[in-house]
Every structure is written in structure tokens, then in C-alpha cells.
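The values are calculated or read from the model by the stated rules, or taken from the named source; none is laboratory data. These numbers come from a predicted model, not from an experiment. Here the Cβ positions follow ideal geometry from the backbone for every residue, glycine too, while neighbour counts run over all protein chains shown.
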Amino acid sequence: MALKLQESTYSVHVPLIDRTFEFKYSAALVPALVLGGRLSFGWIFIWSGFDKLITDFSAEGFLVNASRGPLKDVFVDMSTSSVALDVIDPLLVWGQILIGFSLILGFFTRIGLLFAATQMFLFYLAQLYPANNPFLDFHLIYIGIFALLGAMGAGRVLGLDALVEKLEPVKRLPVLNWLLG
């Protein structure tokens, strides 16, 4: 007797402008990919934040040496200001750690993804225009993946968001339900 794997395939019809697009997806594969993406990015952020925390990190080197393009002077000016660095350094370190935990735990996932996308966009602006491509680089790809994970409710796949959204205060305030997921 052969083992037969039942796969559920779903179809979604999405209207866009004057056309309707049909998307088919695997009900078994999508949650696993969403969970894997969320956990992978969570680990990347936690590791990056803790690495900065345990070393003598300062954003000054990045701001001076990696900045280029039309906004270079803005970022270089930030590197020469001790007040700016006193704000940027802990924001970057603790921001990455908190984003990482948000993604790993699946807790307020959309907020974590929004801050992750914001951080990637600022890194992109500091290095505008990408060295190997006139427009697109990995920062923008990350932002796209973060948007996709947020749209798919990644925190609801084996995450705390699935539990928190069942609480009565969250049910009464729809905006809280949006922040979860």
C-alpha cells in the first residue's frame, strides 16, 4: 500500500484595475514558507543586534564610509554629531533585537516587519544608488518580503499573534488586530 499525500490547493481571485487575476497556492506549503521566512529574518535581526551589542559598535563607520549618492552629506553629517550617534547607535542595536524577537515569537509581527522595512529603507537611502544595479538591491527585496510576510499574517503561523488576537480587547479594537499578524 503506497502512502498518498493529499495536497489542498486553493485559488484566490484578485481584481486589479480592470482585470481579475487568479492565484493558486498550496495550503500545505505556504504556512511552512511563511513560518520559515519569519523565523529566518527574526534570527538575522537578533544576531545582528546582539553582535552590535557585544562589540564596540558605532554607526559612525557605516555613515562615513558606506554612504554615497545624493544623500551622502546628510548621512556623513550624522556621523560627525555625537548627539546623533548617541541616538542612532542604541536605536539600531535595540531596534534589531526587538524586531528579531517580534519575528521569532510572532508577536506584533506586522509592527516588527514595518520597523524592519523602515530600517532597510534607511540603509538603502544611505547607499543610494546601489553599486551593482542602478536601482534595485537586496534592501528593497527585503522590504518586499517583509510586506509579503505582513500581508500573509506571518505572526498567526505558530506565533503569539494567533493567541493574542483571541483576547477580548483585541476583538473590540480592530486596529489591534491589524497590528498583529
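Which of the residues belonging to segment 16-39 are exposed (fewer than 13 other Cβ atoms within 10 Å of the Cβ) and either polar (S, T, N, Q) or touching a Pro at 6+ places or on another chain (Cβ under 6 Å) (or both)?
Matches in segment 16-39: T20 only.
Can you pull out every residue in segment 66-101 that is in contact with a Ser or Thr (Cβ under 6 Å, 6 or more places away or on another chain) and under 25 Å from L158 (Cβ atoms)?
Correct list: Q96 only.
Sort out for me the helices (runs of 4 or more DSSP H) sitting completely within segment 74-181 that have 2 or more residues that are free of Cβ contacts under 8 Å to residues at least 60 places away in the same chain and under 13 Å from the mean Cα position of the chain (by Cα).
On the way: elements: 82-105, 109-126, 138-151, 160-164, 168-172, 174-179.
Per the criteria, 82-105, 109-126, 138-151.
Go through G181, G144 for me and flag whichever is closer than 23 Å to V30 by Cβ, modelled with pLDDT of 90 or more and not hydrophobic (A, V, I, L, M, F, W, C).
Working: G181 fails: modelled with pLDDT of 90 or more.
Residue meeting the stated conditions: G144.
Quick one: which residue in V93, V87, V76 is over 23 Å from G144 (Cα atoms) and touching a helix residue (DSSP H, G or I) at 6+ places or on another chain (Cβ under 8 Å)? So that I can check it myself, show each step before the final result.
Details: V93 fails: over 23 Å from G144 (Cα atoms); V87 fails: touching a helix residue (DSSP H, G or I) at 6+ places or on another chain (Cβ under 8 Å).
Among V93, V87, V76, only V76 is over 23 Å from G144 (Cα atoms) and touching a helix residue (DSSP H, G or I) at 6+ places or on another chain (Cβ under 8 Å).
A quick yes/no check of all residues on (1) modelled with pLDDT of 90 or more; (2) in contact with a strand residue (DSSP E or B) (Cβ under 8 Å, 6 or more places away or on another chain); (3) over 28 Å from F135 (Cα atoms):
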{"site": "L33", "(1), (2), (3)": "yes, no, no"}
{"site": "S48", "(1), (2), (3)": "yes, no, no"}
{"site": "F57", "(1), (2), (3)": "yes, no, yes"}
{"site": "R68", "(1), (2), (3)": "no, no, no"}
{"site": "L71", "(1), (2), (3)": "no, no, no"}
{"site": "V76", "(1), (2), (3)": "yes, no, no"}
{"site": "D86", "(1), (2), (3)": "yes, no, yes"}
{"site": "W94", "(1), (2), (3)": "yes, no, yes"}
{"site": "L105", "(1), (2), (3)": "yes, no, yes"}
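Does any residue of segment 7-30 turn out to be out of contact with any helix residue (DSSP H, G or I) (no Cβ under 6 Å at 6 or more places or on another chain) and part of a helix (DSSP H, G or I)?
Within segment 7-30 (the criterion being out of contact with any helix residue (DSSP H, G or I) (no Cβ under 6 Å at 6 or more places or on another chain) and part of a helix (DSSP H, G or I)), the answer is yes, since at least one residue qualifies.
Given the criterion of a type outside the set (S, T, Y), in contact with a Phe, Trp or Tyr (Cβ under 7 Å, 6 or more places away or on another chain), surrounded by 13 or more Cβ atoms within 10 Å (Cβ to Cβ) and part of a helix (DSSP H, G or I), identify the matching residue among L53, L63.
Values: L53 fails: in contact with a Phe, Trp or Tyr (Cβ under 7 Å, 6 or more places away or on another chain).
Within the list L53, L63, the selection yields L63.
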